[in-house]
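Reviewing the structure listed below.
The values are calculated or read from the model by the stated rules, or taken from the named source; none is laboratory data. Everything numeric in this text was worked out from a predicted model, so none of it was measured. Here the Cβ is made from the backbone with ideal geometry for all residues, glycine too, and neighbour counts use every protein chain on show. When the accessible area is computed, the model is the full protein with side chains, heavy atoms only, and any ligands, DNA or RNA have been set aside. Shrake-Rupley method; radii C 1.70, N 1.55, O 1.52, S 1.80 Å.
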Amino acid sequence: MKKSILLAAGMLLVGLTMAHADATKDAWEANCRKCHGPDGKGDTKMGKKVEVRDYTDAKVQAEMKDEEMIKAIKEGVKDKAGKERMKGYAETYKDDQIKALVAYVRAFKK
Ligand code: HEC
């Protein structure tokens, strides 16, 4: 009896975590992929135009700080002249979704 409750609770947890990961993937596909690419390489038409970095590159990953990544996703990225390179998504995503997106970007590292 106890065992089956534990098992059911465990399965529910796994289900929830997977749903969460899927939501992050969906968000990436919908809003980020066109520049950063499906695999974070930025090897897309838009990505080349706005010159995104290759997030599979360990060196690039090492240069990025989690706080800056969160800030970039919230507020966007501008060039030195103040022109928008990436828009901010503070209105679109809650803090925990943004953290999940940061983890998603981190996972591109080869
Ligand atoms: C219009 C193109 C475009 C879209 C769409 C876009 N980005 Fe970006 N992003 C950029 C550019 C340009 C940079 C700056 C260069 C770089 O770091 O590759 C950047 C930088 C970043 C960075 C690195 C910030 C740092 O610490 O230097 C992260 C993380 C990021 N984007 C995540 C996302 C996520 C998540 C989405 C979708 C919600 C997204 N981007 C959508 C163009 C885009």
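Of all accessible surface on the chain at a 1.4 Å probe, what whole percent is carbon and sulfur? Before the final figure, lay out the partial values.
Values: 4820 of 8160 Å².
Of all accessible area on the chain, carbon and sulfur atoms account for 59 percent.
Note down the net charge around Ile70, summing +1 for each Lys or Arg and -1 for each Asp or Glu among other residues with Cβ under 13 Å from its Cβ.
Working: positive: Lys65, Lys71, Lys74, Lys94, Lys99, Arg106; negative: Asp66, Glu67, Glu68, Glu75, Asp95, Asp96.
Charge balance in the 13 Å sphere: 0.
On full extension of the chain, what length is gained from Glu29 through Ala90, given 0.36 nm per residue of separation minus the C-alpha to C-alpha distance? Please list the in-between numbers first.
Numbers: separation 61, 0.36 × 61 = 21.96 nm, distance 1.75 nm.
The Glu29-Ala90 span can extend by a further 20.2 nm.
Taking loop as defined by DSSP and a crowding limit of 14 other beta carbons within 10 Å, which trypsin sites (Lys or Arg not before Pro) in region 40-106 fit? Don't jump to the answer; show the numbers that get you there.
Numbers: sites: Lys41, Lys45, Lys48, Lys49, Arg53, Lys59, Lys65, Lys71, Lys74, Lys78, Lys80, Lys83, Arg85, Lys87, Lys94, Lys99, Arg106; in loops: Lys41, Arg53, Lys65, Lys80, Lys83, Lys87, Lys94.
Loop-located and lightly packed - Lys65, Lys80, Lys83, Lys87, Lys94.
Quick one: net charge of Thr56's neighbours, Cβ under 13 Å, K/R +1, D/E -1? Intermediate results must be reported in sequence, preceding the final value.
Details: positive: Lys41, Arg53, Lys59, Arg106, Lys109, Lys110; negative: Asp39, Asp43, Asp54, Asp57.
Every neighbour counted, the sum reads +2.
Taking K and R as +1 and D and E as -1, what net charge do the other residues with C-beta under 12 Å from the C-beta of Gly47 add up to?
Numbers: positive: Arg33, Lys34, Lys41, Lys45, Lys48, Lys49, Arg53, Arg85; negative: Asp39, Asp43, Glu51, Asp54.
Around Gly47, the charge tally is +4.
Of all GluC sites (Glu not before Pro) in region 1-104, which ones are in loop regions per DSSP and have a Cβ with at most 12 other Cβ atoms within 10 Å? Could the numbers behind the result be given before it?
Numbers: sites: Glu29, Glu51, Glu63, Glu67, Glu68, Glu75, Glu84, Glu91; in loops: Glu51, Glu91.
Listed in order of number, the matching sites are Glu51, Glu91.
Hey, rough spin-label estimate for Lys2 and Asp79, points 7 angstrom out along Cα→Cβ, what's it come to in nanometres?
Distance between the two pseudo-spin positions: 6.5 nm.
Using a 1.4 Å probe, what is the accessible area per residue for region 6-110, in Å²?
Numbers: 7480 Å² over 105 residues.
Per residue, region 6-110 has 71 Å² of solvent-accessible surface.
Show that you can apply the helix-only estimate: for the chain, add -39,500 (n - 2.57) for every DSSP H stretch of four or more residues, divide by all residues, and state [θ] at 222 nm to the nearest 500.
Working: 6 runs with 64 residues, N = 110.
One gets -17500 deg cm²/dmol as the mean residue ellipticity at 222 nm.
Taking N as the number of residues in the chain, what is its alpha-carbon radius of gyration divided by 2.2 N^0.38 Å? Write down the numbers at each step before the final one.
Details: Rg = 16.9 Å, N = 110, 2.2 N^0.38 = 13.1 Å.
Here the Cα radius of gyration is 1.28 times the empirical estimate.
Straight-line reach from Lys25: which aspartates and glutamates have a Cα under 15 Å away, not including same-chain ones fewer than 8 places off?
Asp39, Asp96
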